[in-house]
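Chemist: Below are the structure tokens for one structure; questions will follow.
The values are calculated or read from the model by the stated rules, or taken from the named source; none is laboratory data. Owing to the predicted nature of the structure, the values given are computational and were not obtained by experimental measurement. Note that we place each Cβ from the backbone using ideal geometry, even for glycine, and neighbour counts take in every protein chain shown.
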Amino acid sequence: MKMYFKNANFYKNGVFISADAIYDGNSFNIFENGINDTDIATFRIFNNCYILPGFCDVHVHFREPGYLYKEDIESGCMAAAHGGYTAVCTMPNLSPTPDSMKNLSVQLDAIKQKANIAVLPFGTITKGEQGEELSDIEDISEYVVGFSDDGKGVQSEQMMLSAMERIKKTGKLISAHCEENSLLNGGYIHDGEYARLHGHRGICSKSEWLPVQRDIELVKKTECPYHVCHISAKETVDVIREAKRNGVDITCETGPHYLVMNDMQLMENGRFKMNPPIRSDIDRQALVVGILDGTIDMIATDHAPHSAEEKSRGLEKSLMGVVGLEIAFAVLYTELVKKNIISMEKLVELMSENPRKRFSIGSDVGFTVFDCDNEYEIKTEDFLSKGKSSPFEGKKVYGKCLLTVYEGKAVYVREEK
């Protein structure tokens, strides 16, 4: 399909300027001074679109190697490109876990063969993510974007201290899943009003913020760069804000569902189950304030696909995790930008610029083009991911991806329907 984007809003150096752009089936070019309309007679014309730098998600699960029935590198990249992403960082809860060069090579080979965007793997902090022995940190550091035991919190303070001391020397950072197991008590949704009303076991906020507080003290000792995954609780925002004021080298992310939903919007359905859980509206509001004041540095989806059967067991028994790459921008644009909570420039900063800076991710950003004028309904059957479980199923949003370009090649083109 040939596309002509007329009078588009082109993001350049932190501001939007008016520009025309064309995709001729082979290349994507931007013309800040406009183009001669007679040259594009065979093109499909789009007006007033947004031309944005390719997004970067520092927290996704592509499930390869080990769980290809849930997702693989190819389907994950297709989903990412469909959502406007040109770079992703894959979490290491795989089989085998990337805790040695031998194990990591399996994933690197799959990325080399199948990826059409930048796919950057995390290595594990501990062997097998078991928390008992550190991974081969020095051996794999050159080939990973950072270190994480995502899906599990490192329970031992001494183990985390040792990890920070060694990872600091590699120049990479820790991306920490912060969860205190002794406080979980079998919970699986937020320990709030919905859990009480419907007889569910809850996960308290302290299980998240307490490990963050512990690790901040370790960062002060080691000066290891430290990033907190998927924060969901007001207290976590408060702890990180104070640490930043004190000069601690800490950043954090939150997810779209934590910013726009609260626990009273849950349903008795596995598509509302993720870890950490969607919390109260007080927590949601605190996260929005954290976005506005710079406490929260970036938005990541925690894209976590599972099979339909694994997500069909209700809130208690479904596996944790929902997909998000393909509709993150639309949800955030609709709920935050259109409602004048944040600017479009701020959303670009959160979804592209800040994650790339913090994780030192590539100079070739690429472009993505979104039509933000027309409302549509999210239908997970249209997702390119193998995972179809999303709390946003049926939600009406603005922001449809038309084109994503990486390394000069179109990695996603919306076909006419």
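Chemist: If residue 155 meets every condition in (1) assigned to a loop (DSSP other than H, G, I, E, B); (2) closer than 26 Å to residue 220 by Cβ; (3) under 17 Å from the mean Cα position of the chain (by Cα) apart from one, which number is that one?
Modeler: (3) is the only condition that residue 155 fails.
Chemist: Let me ask you something else. Mind checking whether some residue in region 124-138 is closer than 22 Å to residue 252 by Cα, out of contact with any helix residue (DSSP H, G or I) (no Cβ under 6 Å at 6 or more places or on another chain) and hydrophobic (A, V, I, L, M, F, W, C)?
Modeler: no
Results for (1) closer than 27 Å to residue 351 by Cβ; (2) outside the structural domain of residue 322 (by TED's automatic domain parsing); (3) not small (Gly, Ala, Ser), shown as yes or no for each residue.
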{"site": "29", "(1), (2), (3)": "yes, yes, yes"}
{"site": "62", "(1), (2), (3)": "yes, no, yes"}
{"site": "98", "(1), (2), (3)": "yes, no, yes"}
{"site": "101", "(1), (2), (3)": "no, no, yes"}
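Chemist: When the residues of region 349-392 are filtered to those that are among the basic types (Lys, Arg) and under 22 Å from residue 75 (Cβ atoms), which remaining residue is surrounded by the most Cβ atoms within 10 Å (Cβ to Cβ)? Can you show your working first?
Modeler: First, the residues of region 349-392 that are among the basic types (Lys, Arg): 356-358, 379, 386, 388.
Among the residues that remain, those that are also under 22 Å from residue 75 (Cβ atoms) are: 379, 386, 388.
Working: 379: 12, 386: 21, 388: 19.
It comes out as 386.
Chemist: Still on this structure, I have one more. What are the residues in region 306-333 that are of a type in the set (Gly, Ala, Ser), assigned to a loop (DSSP other than H, G, I, E, B) and buried (at least 24 other Cβ atoms within 10 Å of the Cβ), if any?
Modeler: Initial filter on region 306-333 (of a type in the set (Gly, Ala, Ser)): 307-308, 312, 314, 318, 321, 324, 328, 330.
Going one step further and asking which of them are assigned to a loop (DSSP other than H, G, I, E, B), we end up with 307-308, 312, 318, 321, 324.
Listed by number, the list holds a single entry, 324.
Chemist: Just to check your reading of the model, which residue among 256, 277 is closer than 17 Å to residue 198 by Cα and either polar (S, T, N, Q) or under 21 Å from the mean Cα position of the chain (by Cα) (or both)? Give the derivation first.
Modeler: Details: 256 fails: closer than 17 Å to residue 198 by Cα.
Within the list 256, 277, the selection yields 277.
Chemist: Of all residues in region 54-88, which are assigned to a strand (DSSP E or B) and closer than 19 Å to residue 24 by Cα? Explain how you work it out, then say what you get.
Modeler: Just the residues of region 54-88 that are assigned to a strand (DSSP E or B), to begin with: 55-60, 85-88.
Hits for region 54-88: nothing passes.
Chemist: If you don't mind, another one. Using beta carbons and a limit of 6 Å, which pairs, at least six apart or on different chains, have the first residue in region 117-134 and not assigned by TED's automatic domain parsing to the domain that holds residue 83 and in a strand (DSSP E or B) and the second one surrounded by fewer than 22 Cβ atoms within 10 Å (Cβ to Cβ) and modelled with pLDDT under 95?
Modeler: none
Chemist: Among the residues of region 121-142, is there at least one that is surrounded by 16 or more Cβ atoms within 10 Å (Cβ to Cβ), in contact with a Cys (Cβ under 9 Å, 6 or more places away or on another chain), at pLDDT 95 or above and of a type in the set (Val, Ile, Thr)? Spell out the reasoning first.
Modeler: Within region 121-142, the subset surrounded by 16 or more Cβ atoms within 10 Å (Cβ to Cβ) is 121-129, 131, 134-137, 140-141.
So of that shortlist, the ones also in contact with a Cys (Cβ under 9 Å, 6 or more places away or on another chain) come out as 121-122.
Checking which are at pLDDT 95 or above leaves us with 121-122.
From what is left, the residues that are of a type in the set (Val, Ile, Thr) are none.
So far as region 121-142 goes, no, none of its residues is surrounded by 16 or more Cβ atoms within 10 Å (Cβ to Cβ), in contact with a Cys (Cβ under 9 Å, 6 or more places away or on another chain), at pLDDT 95 or above and of a type in the set (Val, Ile, Thr).
Chemist: Which of the residues that make up region 166-194 are surrounded by 16 or more Cβ atoms within 10 Å (Cβ to Cβ) and among the acidic types (Asp, Glu)?
Modeler: The answer is 179, 180, 191.
Chemist: Determine, yes or no, whether residue 207 is in the same structural domain as residue 142 (by TED's automatic domain parsing), farther than 21 Å from residue 122 by Cα, under 22 Å from the mean Cα position of the chain (by Cα) and in a loop (DSSP other than H, G, I, E, B). Spell out the reasoning first.
Modeler: On the way: in the same structural domain as residue 142 (by TED's automatic domain parsing): yes; farther than 21 Å from residue 122 by Cα: yes; under 22 Å from the mean Cα position of the chain (by Cα): yes; in a loop (DSSP other than H, G, I, E, B): no.
No; evaluated as a whole, the condition is false for this residue.
Chemist: Being of a type in the set (A, V, I, L, M, F, W, C) and in a helix (DSSP H, G or I) is the filter here; which residues of region 95-116 pass it? Reasoning before the result, please.
Modeler: Looking only at region 95-116, we keep the residues that are of a type in the set (A, V, I, L, M, F, W, C), and these are 101, 104, 106, 108, 110-111, 115.
Within region 95-116, 101, 104, 106, 108, 110, 111 meet the criteria.
Chemist: Of the residues that sit in region 38-53 and are in a strand (DSSP E or B) and of a type in the set (A, V, I, L, M), which one is nearest to residue 357 (Cα to Cα)?
Modeler: As a first pass, look at region 38-53 and keep what is in a strand (DSSP E or B): 44-47, 50-53.
Applying the additional criterion that residues be of a type in the set (A, V, I, L, M) yields 45, 51-52.
Details: 45: 34, 51: 20, 52: 17 Å.
Ranking the qualifying residues of region 38-53, first place goes to 52.
Chemist: Additional query: Working carefully through the options 290, 270, 202, 255, find the one that is crowded, with 17+ Cβ neighbours inside 10 Å, more than 23 Å from residue 148 (Cβ to Cβ) and in contact with a Ser or Thr (Cβ under 8 Å, 6 or more places away or on another chain). So that I can check it myself, show each step before the final result.
Modeler: Values: 290 fails: more than 23 Å from residue 148 (Cβ to Cβ); 202 fails: in contact with a Ser or Thr (Cβ under 8 Å, 6 or more places away or on another chain); 255 fails: more than 23 Å from residue 148 (Cβ to Cβ).
Result: 270 is the single residue among 290, 270, 202, 255 that is crowded, with 17+ Cβ neighbours inside 10 Å, more than 23 Å from residue 148 (Cβ to Cβ) and in contact with a Ser or Thr (Cβ under 8 Å, 6 or more places away or on another chain).
Chemist: Within region 361-395, can you find the residues that are without any contact (Cβ under 8 Å) to a residue 60 or more places away in the chain and not acidic (Asp, Glu)?
Modeler: 363, 374, 376, 378, 379, 380, 394
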